[in-house]
Every structure is written in structure tokens, then in C-alpha cells.
Amino acid sequence: MSRMHPSTRWLRRHAAVTVLGLTLLALPPLVHAQDIPPLSERLQLCASCHAMDGNSVIPENPKISGMDAGYLERQMADFKSGVRKSPVMSGIIPLVDGKEFAALAGHFSAQKPGKGVAADPRLVAEGKAIFDEGIVGSAVPACSGCHNEDGSGTEKYPRVAGQHTAYVVQQMLNFKSGERANDSRALMRAVAKRMNEKEIRAVAEYVATLSGSE
Amino acid sequence: MMNKTLACIALTLLLPIHAALADVADERKSPLGYGSKGYVWGTISLEQAEVMKLVPDARRGEEAFRGCRGCHKRDAAGVMDGTYPRLTGQHASVVIKQVTEVRSGLRINPKMDPFASDHAVTPQEIADIANYLSTLETTRENGKGPDNLSVRGKALYLRNRCGICHGDNGEGNADKFYPVVAAQHYGYLLREMVHIKKGTRGNSHPRMVKAIGKFSHADLEAVADYLSRLPDYRRVLAKGK
């Protein structure tokens, strides 16, 4: 139950960056920082990794369709200020003006989320138990308490339904280590610190199968 | 050598987390609590006073309670084995007292701590949640003892005049911060009485410690079973009227 092999991760990231490079080449020369391009043009940049409808097909790039707009906007602001770090997004966000965040968030929030699949279906049952009931022995609260039974989330607690397993695992590990520390009220760090990698992987597999239609 | 050092580091890293969560650690004594010099039960902290003055709103409380549902469950009825107590119908004053005293370190609750501490929940949210919980009906069945010991339990409850504080129907007393004990999960009732008897629940009432001082473990089991089998006190009181 280890995380992805480093070289695989590197390759996948590298692939994503290559796609980005090609997209950038195809785009008109970069405009001055002050000139804000039309939304449709800016979305090309995001689409290379998150897909135009936000339903990314690359497991490391999160699906951002149907998520709360306020949440998405805050994440962009946190990447920009450096409060949330990411080897990839931290390179992208300087290209985007803070004034664009609301419109970008609005676009992706309005997209219809697609369904996800488990990468390892054998773990789904264990993951469901954790999601619905928590782990009593180590006082892990049930994910459903905050994120809803179907993972649809609320304004305060982001939608997780249908999210890629690899992304969820990575975020949980980042919360656990404290590398991601922008979670409101430090709640996700408290949750993830009580979980081991095996439990994280199992719950992530279940999260991927949720459709979040509540 | 290297291995030993590593093992030591690993141990120091792991210990605080696991020890903090294990039930033994729940028995850590609060340095401020019962048994310490100058301890006076029911001293109202600044935060408790602040929360009690706020105007609560049950609707907001329902929303804020999301952060608690992962353990106390969506219906706030806890879990059958009593790991997580029922909070439905508990007096708002008692909920406020317990949460603010966990925050001040008077009552030690490492499992709940990060989810109820001041960075997680605002004073207004405590007021709102307490109000919301006090209005909730209990519909789900609660955990009972393995054997029906209610005859013996009832006799002990009456003889030791527990009802002076907790009422004849286990209804407690909202004005005096005495908790409802009727229809609570057996496992939780027993655990708390053990803590109170041993003096390890930091916010214990000295008169209660005295009242159960002579109870054997079997006595505690009998009282816990009796209380767990009492109906929701609100139903009893409504019928009496």
C-alpha cells in the first residue's frame, strides 16, 4: 500500500507538463500581466490539465467540475500566496491574474461532474466503512459527517465524490504530513493524522466511486 | 546504533499520537481538575460565561454540528457501544459546560479535542449547537448492559440519593448544570462513573465522587444498566402532566 513509485509519478507529471508546453506554444504569445485575456482563452490553459469541463482524466490532476465556487477560488488564491504549494499549480498560477479567479471558479463550478471509477475495486468495501462510519478505535470521524454521505460536500466542506484515487491519496498524505495546511480550521489535518496509508488508500478508492448527486 | 537511534525517533514520534488516543490516556489527570489544590466544581470560565450570554440559533447549530457528526452521528445519538455518547436532549447548559471545559483542559478528551477546540468551533457555534442538541428527539435505540440489572441499579440510585442532582427520571437539572443520565449508552455511563469514582474526570462534582465512593464495580454496572434502560425523560415528564 505504498504511494505511487516516484519515477511513475515523475513521468505522469512530466507528461502533464509536456501537454502544457504544447498548449502554450499553440496559444498566442503571452499577454502582459495586466492585460486579462477573455475567459474562453484563459480556459485553454486550464483545460490542458483539468479538461474544459473540469473532468480531468489524468489521475494526479484533480477533477474540479461541480465543486463549490468559493472553495475553488480560495484554492487559487492559496496557490498564488503560497499557502498551498504544488509543484505544478504553483508554476501555473503566476500566469493568471487574481481578478480572473472568480470567473474561472464560476466556470468549473457550473460544469457537470462525471462519474469516477476505483483503481482497485477490492478496497472499496473497506473504504465505504471508513467513509460512512469512521474508525472508532483510532477516533477517525466519518468522512460523511462533513462531506455528506454521497460526497457531494457543502460550502464549507468540499465535494469529493468521483475524485481520482491518486489525487485523494496524495492530498490526504499532504494533510497528514502538514505539507497542505490550508484546510479551514485544521480539520482535515486532524482527520488524516489519525489514518495510516492503507486506510487512506481504501477510503480514496471509495471516494472515486461516489456520484455525489444529493 | 543507527537502528536504535531510528527506532527511538520513530517511537518518540509515534508515542504521543497513540498514547493520546488510547483509552488509558483518557485517564490522564487534568492538572487543573478535580483533586488539584483549589479546585472548585462549577467555576464558570470566561468562555463559558461568554457562550451562555450569546443568543443561540438551532438552525445554525444544525449546520455547525456537521463537524461533530463524524463521531456523534448524524442524529446526534452517538454509537451503541458508548464510545461516542448520545447528545440528544442533553441540557444546553451542560453541553456548553462540557465543551468549554474540554477546551480549557479541565476535562480531558483527546479524541474530540481537535474537532471542538477554539480553532475549530467559535463560541457562537457552541451556543448554537447546544441549543440545537437540546431540542433533538431520540429515536434510535441506545446501548444497554449485557444483563438486565435495573432492579438492583434502581435500588442503588435511590438509596444513594443520586436523584437529588440527576432527578427521579434521570433528567438532570439544566439550571444547575447537572447532566441528563437517562437513556444514555451503557458503555458511556459506566466509563464516566469509573472516571468520576477514581477522580480522573477533571470536572467531577466532589459530592458525586463521595456518593459513588463505596460502589463496587458490580454496583457501577448495575446503575449504568438501570439508567440506560430508563426512557427519554421528556416522554415521562410529558405523560405526568
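Structure summary
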{"read-out": "The stretch B:134-153, residues that are assigned to a loop (DSSP other than H, G, I, E, B) and either touching a Pro at 6+ places or on another chain (Cβ under 7 Å) or of a type in the set (A, V, I, L, M) (or both)", "value": "B:L136, B:L149"}
{"read-out": "Pairs with Cβ under 8 Å, 6+ apart, first in the stretch B:77-92 and within 25 Å of B:D175 (Cβ to Cβ) and within 13 Å of another protein chain (Cβ to nearest Cβ), second β-branched (V, I, T) and open to solvent by 10 Å² or more (accessible area, probe 1.4 Å)", "value": "none"}
{"read-out": "Qualifying residue in the stretch B:96-105 (condition: away from chain A (no Cβ under 11 Å), part of a loop (DSSP other than H, G, I, E, B) and closer than 16 Å to B:P179 by Cα)", "value": "no"}
{"read-out": "Out of B:H119, B:H166, sole residue that is of a type outside the set (D, E) and within 14 Å of chain A (Cβ to nearest Cβ)", "value": "B:H119"}
{"read-out": "Entirely in the stretch A:88-197, the helices (runs of 4 or more DSSP H) that have 1 or more residues that are away from chain B (no Cβ under 14 Å)", "value": "A:89-92, A:101-109, A:124-133, A:165-177"}
{"read-out": "Subset of the stretch B:65-76 (residues that are crowded, with 21+ Cβ neighbours inside 10 Å and more than 7 Å from chain A (Cβ to nearest Cβ))", "value": "B:F65, B:C68, B:H72, B:K73, B:A76"}
{"read-out": "Subset of the stretch A:178-214 (residues that are small (G, A, S) and more than 18 Å from A:A139 (Cα to Cα))", "value": "A:G178, A:A181, A:S184, A:A204, A:A208, A:S211, A:G212, A:S213"}
{"read-out": "In the stretch B:122-131, the residues that are under 15 Å from B:Q98 (Cβ atoms) and either open to solvent by 20 Å² or more (accessible area, probe 1.4 Å) or not assigned by TED's automatic domain parsing to the domain that holds B:A49 (or both)", "value": "B:P123, B:E125, B:N131"}
{"read-out": "Filter result for B:I164 (without any contact (Cβ under 8 Å) to a residue 60 or more places away in the chain and either on the phi < 0 side of the Ramachandran plot or of a type in the set (K, R) (or both))", "value": "yes"}
{"read-out": "Meets criteria (in contact (Cβ under 8 Å) with a residue 24 or more places away in the chain, open to solvent by 40 Å² or more (accessible area, probe 1.4 Å) and over 22 Å from B:S93 (Cα atoms)) for B:K197", "value": "no"}
{"read-out": "Residue that is most open to solvent (accessible area, probe 1.4 Å) [pool: residues in the stretch A:103-162 that are of a type in the set (G, A, S) and farther than 19 Å from A:A202 by Cα]", "value": "A:A110"}
{"read-out": "Pairs, first of a type outside the set (K, R) in the stretch A:77-92, second assigned to a loop (DSSP other than H, G, I, E, B), C-beta under 7 Å, six or more apart", "value": "A:D78/A:R84; A:D78/A:N182; A:F79/A:S86; A:V83/A:N182"}
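The values are calculated or read from the model by the stated rules, or taken from the named source; none is laboratory data. What you see is a predicted model; the values in this text were computed from it and never measured. A quick note on method: Cβ atoms are made from the backbone with ideal geometry, for glycine too, and the neighbour counts reach across all protein chains shown. When the accessible area is computed, the model is the full protein with side chains, heavy atoms only, and any ligands, DNA or RNA have been set aside. Shrake-Rupley method; radii C 1.70, N 1.55, O 1.52, S 1.80 Å.
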